[in-house]
Amino acid sequence: MRLGLDSTRGATLAAFTAGAAAVAAFAPVQWSPLAPLALALLFHLWQRADSPRSAALLGYAFGLGHFGAGVSWIYISLHDFGAMPAPLALIATALYCAYLALFPALVGSLQARLGAGPAVRLVLLIPALWTLAEWLRGWLLTGFPWLAAGYSQIDTPLAGFAPLAGVYGVSFALVLLGGLIVLLATGRGRARIGAAAGIVLMLPAGGALRTLEWTAPSGDRLKVALVQGNIAQSLKFDPGRYAQTLDTYRRLVLGTDAQLIVLPETAIPRFLNTIDARYLEELARHARSNRGDILLGVPMVERGGGFTNSVVTLGSSPPQRYAKSHLVPLGEFVPPEFGWIVSVLRIPLSDFERGTDRPEPLVAGGARVAVNICYEDAFGEEIIRQLPQATLLANVSNVAWFGDSLAPEQHLQISRMRALETGRTMLRATNTGVTAIVDRRGAVVARLPAFTEGVLNGSAQQYTGATPYVRYGNVPVLILAALLIFAVLIVALKRAR
């Protein structure tokens, strides 16, 4: 059955609603089954579309609903904390969501244009195209991989594919599951039997993979302390608040005897060379008394006069530092063509320099720590650059920019996927939340309530070894997707002759 004019409007609304509903499959709601069901509805609508243009429109509607509901917190950072006028912030957020919606629209158009049969489209072509589109979204214009479909499955058997092929491998499996659901519901005979068999096999396979030990414990468990200062974003860079900020972190740090103490991103909102040396030495002396180290988030002035968003070590180990390399466009660096935006945004330190894209783990607290700062842990292929040498992962963040929105819990879900992909414990120290310890299976073993001041004291196991994802990154799943598309294209061309 093909869609007529009236039913096209209904189908577009259905696609939009499915996209918005799919956000509930992600944190904080985490109704994971909604993701394959929402995708299945979209794929069913694609099957009924009468042209590639109609399929693209349906994909675009799905994307508008999905990103409009899922990343609307961008408005908060632009308006509430960036002081952008409300109408301009609303337009900017809407335009960005409209851009993100282009990717599912592209998948819709291409799967219709390649002329494959329904079963081939559902189980081969659409999963391959969707995976490549997600990867492209995570790369183009410095990338925005937020809400990649695979994150929604962090607590399901499909997460077992993460150590093999990363979040995009989980996305591939999830989209395939959505296609199999459509085939099971609408197919006939062998197609329906094959779809049922595929579903029955896929979920236990993922569950079996989750039981595999990809990495091995190394040494004794470390005592760790993750510090959450809970300093409101509106006050963070207020000069009148600076002394109180120093006192807050001094009190919290001196109250723990952990070997590894981790403070949030830009915990001290002054350049390192302008902080009282006596204050830094007091922190370092306490770390040495614990026979450990502190990881301190602080901006640093570079020799050339620029500055970096950095993490430095204080304590028993030699001084080291990590400088953030994947910067947030318009938030941490301003492309020349967007220089005008500085006049309507009030974002301190909005033009950082990039650190090296080949960092070494920091030796701190007796561990080799792969540090990443805030948004960087959304890029799994960048996290693994410090592996397998690193024995721990640590993310320091200041998600206060997004207030009490979906963003902090979504960010925690992303960190959980990085732990699962790498087979490493992830330590998350944030300004306002979510501060947490995540084990190598992606499970949150301890966390602090958001928007509270405190220290999360706990222990962390180090691990050595490498998962397949650490060794090969996204390459295998991207090659698989490309080969599937190529094979479908060859078959379609032969049939056209």
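The values are calculated or read from the model by the stated rules, or taken from the named source; none is laboratory data. Only a predicted model underlies this, so the values are computations on that prediction, with no experimental measurement involved. FYI the Cβ positions are ideal-geometry reconstructions off the backbone, even for glycines, and counts take in every protein chain you see. The area values use the complete protein model at the heavy-atom level, side chains included, leaving out ligands, DNA and RNA. Shrake-Rupley method; radii C 1.70, N 1.55, O 1.52, S 1.80 Å.
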Check your understanding: Given H placed 1.01 Å from N in the peptide plane, which residues other than close sequence neighbours of Ala83 have an amide H under 5 Å from its amide H?
Key -> Arg346
Exercise for review: Tell me the Kirkwood hydrodynamic radius of region 160-276 in angstroms, computed as one over the mean inverse distance between distinct C-alpha pairs.
Suggested key: 19.5 Å
Check your understanding: By the gyration tensor of its Cα atoms, with a ≥ b ≥ c the square roots of the eigenvalues, what is the shape of region 109-195: rounded for a/c under 1.5, prolate for a/b over b/c, or oblate?
Key -> oblate
Review point. Size of region 25-138 along its principal axes in angstrom, Cα-based, largest extent first?
Key: 51, 30, 23
Review point. Which order do Met202, Met426 take by accessible area at a 1.4 Å probe, largest first?
Key: Met202, Met426
Review point. So what J values fall out for region 388-395 if you push phi through Karplus, 6.51 cos²θ - 1.76 cosθ + 1.60 with θ = phi - 60°, rounded to Hz, Gly and Pro as x?
Key: x, 4, 6, 10, 9, 10, 9, 10
Check your understanding: Just the C-alpha atoms of region 400-497: what Rg/Rh do they give, with Rh taken as the Kirkwood radius?
Key -> 1.24
**Study point:** Part-to-part distance (alpha-carbon centres) for region 200-264 and region 385-435, which is given in Å
**Key:** 8 Å
Revision key, fill the gap. Toy charge model, Lys and Arg Cβ at +1, Asp and Glu Cβ at -1: the chain dipole around Cα centroid in debye, rounded to 20, equals 1460 debye
Check your understanding: Ranked from highest to lowest mean number of other Cβ atoms within 10 Å per residue, what is the order of the peptides 116-126, 267-277, 157-167?
Key -> 157-167, 116-126, 267-277
Review point. Restricting attention to the alpha-carbon atoms of region 269-324, what are Rg (one decimal) and Dmax (integer), both in Å?
Key: 11.5, 36
Study note, to complete from the structure: Cα-based Rg/(2.2 N^0.38 Å) for the chain, rounded to two decimals, is 1.01
Review point. In the chain, with Lys and Arg counted as +1 and Asp and Glu as -1 at Cβ, which of these residues, Trp139, Ala460, Ala225, has the Cα nearest the positive end of the dipole, that is, farthest along it?
Key: Trp139
Study note, to complete from the structure: Computed ³J(HN,Hα) along region 311-326: with the Karplus parameters 6.51/-1.76/1.60, θ = phi - 60°, integer Hz and x for glycine or proline, the list is 10, 10, 9, 10, x, 6, 7, x, x, 9, 8, 10, 10, 4, 10, 9
Practice item. Anything in the chain that counts as a DSSP H helix reaching 24 Å or more along its axis (C-alpha) with Kyte-Doolittle mean of at least 0.0? List them, would you? Key: 5-22, 52-70, 162-186, 189-210, 475-496
